[in-house]
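Below is one structure; the comments refer to it alone.
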Amino acid sequence: MQTQTLLVDAQAPQAAVLTAAAAVIQRGGLVAFPTETVYGLGADALNPVAVAGIFTAKGRPASDPLIVHLADLDQLELVVAELPPSLTQLHDLVPGPLTLVLPRHARVPRSVSAGRETVAVRVPAHAVAVGLIRAAATPIAAPSANRFGHTSPTTAAHVLADLDGRIDLVLDGGPTAVGIESTVLDLTRPTPRILRPGGVSLAQLQARLGAVEVAPHARARAGSPDARVAHTDLPNIGAAAPGMLERHYAPEHELRLVCGAPDAARAWIAAQVAALNEQGTTVGVLLCTEDIAQLQPILSAYATLIEALGSETDLAQIAHNLYAALRRLDARAPQVILARDFGAEGLGLALRDRLIRAAGGNVAWLDNPPV
């Protein structure tokens, strides 16, 4: 397959471009498109053959569900069997980086939901994504537009690096804004539960819903039983939401993560840089600008490969930069990549989740994670 790329205005997408992309969706093809979080790989969510194409192109197991993207909340009735009363309390967060797990309508293929009776849905806050859904006149199922398990794409170039020749079309709308995936919130439980932390924080949800749980795997120490979420917890049924594997969002090269107070984490990284280089191992670091400034003497002494994420005082900037910086560093082929977390408050929890999974559980805890 030859993958076509079309440039599209992220703020005011051209009608002709959306029409061309919508035609691909309507005939059962695959279109990668920008959202505010990451680039998605879209197909007609109500067409089981088209949905199967997503799994084939990505090399994604059938046990990992997809998110159905809608143009607005009025389209919920197309894919959701029953709307919970609590949904009205979240309207100011929609559109946005929030995915809701709700009862699945029978018209949604079971393959979309990994065999479950629920479906994950969201309304993206991006003109291209919404314009494409409207032009295609159907909900669009769309996981991230990358090889399964690999670092998520935040530019069209990232999409092509993973999927060129495997999909029909890429809409190039420039870099995404948020940079990490949506928060996934299960509203089918008595108490709403975060299955995957993301662009909407726990505090934002608690302010609107009151009690909100965080799934054990999203808080637990990497490597603990609670952190090891299998694809299935029932026979022939997959995960409740995407992004719940112990290893996900991962670079090609080994990533080691340290979680703890900044000073202690920097000391751990300095010791690792020295020890690894003395073993002849090429090291890369993925750090905030404050870390790099403090560690510069040892990083320079050992010719360490460096990618900066931005200031630790601006977690939104770090989230925006995370995947692109990780891909750049990975392309420089260090044998080991070192990174640290940024706490568990606000976006810090989502950043920790992505880094733990990118490290495949290869995490040094210098203090106890929240429980």
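Quick note: the coordinates plus some simple rules give every number you see, no bench work behind them. Note that the coordinates shown come from a computational prediction; the quantities given were computed from them, not determined experimentally. Because the Cβ atoms are built from the backbone with ideal geometry, glycine has one as well, and the counts that use them run over all protein chains shown.
When the Cα positions of G360, A325, A207 are compared along the charge dipole of the chain, G360 comes out farthest toward the positive end, with charges on each C-beta of Lys, Arg, Asp and Glu.
Only helical runs count toward this figure. For the chain, summing -39,500 (n - 2.57) over DSSP H runs of n ≥ 4 and dividing by all residues gives -9500 deg cm²/dmol at 222 nm.
Calculation over all alpha carbon pairs of the range 129-187 in 10 angstrom steps from 0 returns a P(r) of 19, 48, 30, 3 percent. In this structure the amide hydrogen of G96, modeled in the peptide plane, comes within under 5 Å of the amide hydrogens of V123, A125, none closer than 5 places in sequence on its chain.
All other residues with a Cβ under 12 Å from the Cβ of V170 taken together, and with Lys, Arg as +1 and Asp, Glu as -1, what is their net charge? Around V170, the charge tally is -3. Dividing the convex hull volume of the alpha-carbon atoms in the range 4-227 by its residue count gives 117 Å³ per residue. Sparsely packed loop sites in the range 99-165 (the trypsin sites (Lys or Arg not before Pro) outside DSSP H, G, I, E and B with at most 11 other Cβ atoms within 10 Å) comprise R107. Expressed as a whole percent, the proportion of Cα-Cα pairs in the range 254-365 lying more than 17 Å apart is 48%.
Relative contact order of the range 4-227: 29 percent, from C-alpha pairs under 8 Å at least 6 residues apart in sequence.
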